[in-house]
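The values are calculated or read from the model by the stated rules, or taken from the named source; none is laboratory data. For clarity, every value in this text was computed on a predicted model and none was experimentally measured. Don't worry about glycine lacking a Cβ; one is built from the backbone with ideal geometry, like all the others, and counts go over all protein chains shown. Heads up: the accessible areas ignore ligands, DNA and RNA and are worked out on the full protein's heavy atoms, side chains in. Shrake-Rupley method; radii C 1.70, N 1.55, O 1.52, S 1.80 Å.
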Amino acid sequence: MSLLTGFPRLCFAMVLLAITGFCVAEAAWELLVVAVAAAGLSWSITEGPRGRTLPPWAVNALVLVAAGVTVVDLVRHGHEIASVLGRFCLWLILIKLYDRRSARDHGQLMSLSLLLVLVGCAHQPPPLAFGAVLLVYAVTGLYTLLLYQLYAAHERLLADAAEGPAADWVRRRPIMGRRGRAHLRWLAVALGTAGILLSIVVFLAFPRHIGRGFSLTGDQQQALRRSGFSAEVNLVGGSRITPSLVEVGTVRVAGADGRPSRDGGPFYLRGAALDRYREGSWSSSSTSQIQLDVPAGTITPLASGLEDAIRAAPRLVEVRLRRPSEVVFAPSGTLAIESGTSRRVLVDPADLTVRVPRTSAMLRRYDLWVDPTPDADVRRALYRGRPTPSRIVGEFDRGDPEHPDAPLVRGYANEILRRAGVPERGAGDNWNRRVADALAAELRSPPFAYTLDMSDLRRTSRDPVTDFLLEHRRGHCEFFASALALMCQSLDVPARVVAGYVLRERDPATGRFIVRAADAHAWVEVRTGPYRWERIDPTPSGAVVSRQRPDATIASAFGELLRQAEGTWSDRFVGFDQRSQSVLLERIDRGGIEYVRSVGRRIAEAAAQLNRFFRLGVAGYVWLGGVTLIALVAGAVLLRILLRRRRIRRELGLGRRRGPGATVAGPRPRDVEFYFDMLEALRRAGVPKPVAATPLQHADALATRRPEAAGLVRELATRYYELRFGARAIEAGEHERRRGDVVELQRRLGRRA
Amino acid sequence: MSATPPPATRAHGPGEAGDPVAAPAEARAAAPRVRRRYRFRAPFWIYCGLTLLAAVVAMQTGRNLLFWAFGAMTSSLLLSGIVSGAMMTGLRLTRVMPDHGAVGTPMVVRYAVTNRRRLLPAFGIHVVEVAPRPSWRERRAGAGGGDAPGHDGVAVRAWTSFHDASGTPALHLGGDPPPWTRYVEPAPAWVLHVGPTETVHAEAVFVPRARGLVELRRFRAWTVFPFGLIRKAIELDEPRHVLIHPRVHPLRGDVLSSLRNRGTVGSRVSVQPGPGDDFHGLREYRHGDSLRNVAWKRTADRDGLLTIERTRPDPPRVRIVLDLTRPVRSVEPAEAARLEERAIELAASLVHAATGMGYETGLTVYGADQAPIPVRRNERHRDRIMASLAAIDLDAERPARPRPVGSSREAESVAVIVVHPDRVDLSAASPHALHLSARQLDRLVAEPERAEDERADAATGPAGERAA
């Protein structure tokens, strides 16, 4: 009984957790206080022998009132259907808490709490606190749900018995075996573990792109983005970006003397250079990539003729990533790379970006030799003597009929130049720089504003950059960079968007920069010479501020811990999208293939070693294969025999006995194997021995149904009695005789036996 | 109603070997067929709807928590099926029937639930008796009624009409309910937990409604554990019988004590020596005899001691005669059947009361093909008489001539109580017999609060009121 007595308390806790979770997801703290107080009060009012509940008419009236309030709520907040539904569930729960509490009412309360939690799940973005509440709710809910099945059944049994004539005869205490509570907990743990694993599999494997086709609110598919580096810039999706403080890695910048550089930053790490704009997204137009082998522990120049520059390189950059990446993050002016393991990299001579080919393992730790201000010869060597064109033919170029917004952008850029006093028509690298500076200065000043939340902006059919420039004038770094690059390109100024990290936070203890996902940034590079591109960051300076760590105190450490947890939550869970899914699957795929290959290599090495040891030569592999095959077959046969013995022992109860008679040795499974085979034969023939009947009784019963087999069954059963209970020993050669009897029995019973 | 002739009337324990009533050989030899059934309950469909809704909303909105919720709900569905399936297939159930039941008295039927799994415990196991559906072959053959094997689950050998204790027909339900429900009130059994490799007995408290032999054939064990979504059941065929005795009413104490006034019942002396007071004879002294019993005067002229032997008092002897030879024709058939049932109940009550007071009792039934039961006194004998009463088939052809009351020697030393359904027929027994009618049953039944007092009075002295 004590197992079930705790159920109402658990159910109440589950409801409280659901209320808390919903209010946390809604960030409705006032509602949280009121609802939890009302719920807590209900416990002291309704529970106990002197508890009082609301009469049914009052409950019905309150439900009607709640429905009316919900209708009004729906009219006022029609776009927040989930919130309205959640609030309605919350009112119903509070009303039910003051209602009577039968098993059915408990079930309704649990269902409402589940609905409330589901509504909380639909909120975006769910905070970490909601995740914590959700976890506790899941654990509590599982155990409570299991307990509810038993509680409800017991209540129903007692209620039915109370109405019947045998009310006094029905036990009030439920009938249960030993250690029921421990078994229930064990089962809950097993179910919870299996459920979590399965749900994780479903979560990871569920194709995220399926719903796009029939989505009623298709633009919300990409509404949420997490901050982090992406090798492409897409302005269409992501109306709201969640800043993630997950640590991506660390970067140590040392001077020529090897000492850590004390430069406070920001420090820019280039990841991808994108110069082609199409339908709201940027990509790279470069098609030529040069393959470069990087031997382990060797400083490998990115181009030939850089040896002297590398020796005089004033800066060493050590990049340590938490996860392997196919993009080599490098600052501008990188001359050489060194890795602890042999790798192959691809260097793009057009934009000097470095990446690892897809067929090769990714990089996690590497060092870079950097000259932040390379001279002309070094730049020429880096670009391999191929100067970048003075004009990039982009789709926003003048005369492109496909983009009607291009004249608008160009007109807007000319207006800015006019205001800044920069001639609209010019030439030369200096003019390029002046144009870019003027446009960037305009973007950094009001009314342009930096924001990560653009969910309140109305999307039009125009190009997102045009919208940004002429309509909203609010956006994140990608919009600023895209606007500057497009305006430059519309004025024939070669410009490209660069995606990477801007490092702002330095660990005071180690002097290393800490790279977080939120440090992902986009800026612009403008051509200012045949081999020279200059970085221009049009994003308002307030967005890229130094984020220096505070001094290490307990509070700051705890805050950092919370930030880490929040970052992990938003990065790994909330922000898990199709891209993360594909990356994960690719990683698993790569890992699986590598594992299979490594196992194959080990087997081959072991076989070769054995072959060498026995000096068998080439034919030895045949011998080894044969021996392995025989061993496998022998193992399978042995396993089958063991399983059969185990089954015999279990079916006939030959295992170790407990209690009185434990010392009495029973027959070996092999000795009574014939009896087991006899039972199997009878079962297959459709005349199995009933559990309640003894073997001899069954033999008697068979005398009328299958007289041809009854005698043999009786004989075998008698012999089984002797061996099993009569302490008789098996005779020499009896195994074969009994086996023959069983075969004879099978023959008599028919083919199926 | 079925009218299968009654088998042997001995009372047997269920499952005894060679017992044609309790465990026919065919039934024992029958294979314990286990059928598995799945039933998707309303919560299952609601849950599936919620899961689909979560999936659709997750796909529409891209909310990762909803994807996780969808995963959790899907895995719960999967685990529910796996766990409940593994739980039920690992169970072994056996029905343990009581020795007998009595109308109006709750009867506990136990189900031994054994969990054969080594790790997985079983929770929330319900056990109910069911009426199995006929197979498609039987349905095709049109086996729809009677005692056809497999029909309605229970091939009830109905030897009696179905009336409850108040005399009203026990069952007036529409349709075709399982026949055993005419005899017993169906009741479920439930066990909360059965540990791995453990056996727990679930109890179902049946309330018998009418006397007769009940055969329970099939029962179902089911569970909705762990999540209440899928009801997984196994059904087992295990024919078992139980005999329902007639209802026993507590009679007034003066009913039997009034027999003494009629001069036919009293203290008698046995021919065997015993611990009585009267002189029986003399014998040689044996070691251990009390010196108080030594016949000193007779010993004086002998060499050895002589011991006085006393008589052994015999308890009163009563033979209950149930006269069913003359069908009651003066009333409606239903009322006539009710009266006959009441007569059987009155006879059973008399047997109980007489046995309780230490009388030796015997039974003779006129109008039924049953041999008279001699006068004896013990629990087993009483059960034998009750079984005989339970087995009376009122629909069978009744012998025209009554049989004589016991042997001639016995007739001289027993009191005879003749129970009639309706009117008293004095020719049914000797002139000294006490005649009772079923219509008097209500007057003969003791008030609950006075029953104990009257029983005490009856033990101390005779009461003067004549019962008939």
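Structure values in brief
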item: Accessible-area ranking of A:Lys689, B:Lys297, A:Lys96, largest first, probe 1.4 Å; result: B:Lys297, A:Lys689, A:Lys96
item: Spatially proximal lysines relative to B:Lys297 (Cα-Cα < 30 Å; intrachain offsets below 8 disregarded); result: none
item: C-alpha center-to-center spacing [the stretch A:579-628, the stretch A:89-168] in angstrom; result: 53
item: Inter-label distance for A:Thr287 and A:Gln609, nm, one decimal - labels placed 7 Å from Cα along Cα-to-Cβ; result: 5.1
item: Label-point separation in nm, A:Leu643 to B:Glu447, each point 7 Å along Cα→Cβ; result: 7.5
item: By accessible area with a 1.4 Å probe, ligands and nucleic acids excluded, highest first: order of A:Thr359, A:Thr353; result: A:Thr359, A:Thr353
item: Theoretical gain in end-to-end length, B:Asn378 to B:Asp289 [0.36 nm per residue, Cα-Cα removed]; result: 29.1 nm
item: Average beta carbon contacts from partner chains per residue of A:698-708, 10 Å cutoff; result: 2
item: Surface per residue (accessible, 1.4 Å probe) for the stretch A:79-206, Å²; result: 46
item: Size of charge dipole - chain A - debye, nearest 20, with Cβ of Lys, Arg +1 and Asp, Glu -1, no other charges; result: 3980
item: 3J(HN,Hα) from dihedral phi, the stretch A:268-284, Karplus parametrisation 6.51/-1.76/1.60, rounded to Hz, x for glycine, proline; result: 9, 10, 7, x, 8, 10, 10, 10, 10, 10, 8, 6, x, 9, 9, 9, 9
item: Shape category assigned to chain A from the gyration tensor of Cα positions, a/c cut at 1.5; result: oblate
item: Residue mean of other protein chain beta carbons inside 10 Å, A:182-195; result: 4
item: Nearest-ten-degree value, helix A:695-705 long axis tilted from longest Cα axis of chain A; result: 80
item: With DNA, RNA and ligands ignored, accessible area of A:Leu135 (1.4 Å probe; Å², nearest 10); result: 110
item: Taking N as its residue count, the alpha carbon Rg of the stretch A:677-753 over 2.2 N^0.38 Å; result: 1.06
item: Computed E for A:Glu30/A:Leu204 - FRET, C-beta separation, R0 35 angstrom, nearest 0.05; result: 0.40
item: DSSP-loop trypsin sites (Lys or Arg not before Pro) across the stretch A:133-190, with at most 14 other Cβ within 10 angstrom; result: A:Arg171, A:Arg172, A:Arg178
item: Residues whose placed amide H lies under 5 Å from that of A:Tyr268, excluding near-sequence neighbours; result: A:Leu503
item: Overall dimensions of the stretch A:491-539 by Cα: Rg and Dmax, Å; result: 14.4, 47
item: Area of A:Ile45 that stays accessible when all protein chains are in place (1.4 Å probe, Å², to 10); result: 70
item: For A:Arg315, residues with placed amide H under 5 Å, excluding near neighbours; result: A:Val370
item: Solvent exposure ordering (accessible area, 1.4 Å, most first) of A:Glu673, A:Glu415; result: A:Glu415, A:Glu673
item: Rounded to whole Å, sorted largest first: equivalent-ellipsoid semi-axes of the stretch B:48-126, Cα gyration tensor; result: 45, 16, 7
item: Per-residue [θ]222 nm for chain A (sum of -39500 (n - 2.57) over DSSP H runs n ≥ 4, rounded to 500); result: -16500 deg cm²/dmol
item: Lysines with Cα under 22 Å of B:Lys232, excluding same-chain neighbours fewer than 8 positions away; result: none
item: Shielding by partners - mean other protein chain Cβ count within 10 Å, residues of B:193-199; result: 5
item: On Cα atoms only, tilt of A:734-749 relative to the major axis of chain A in degrees; result: 90
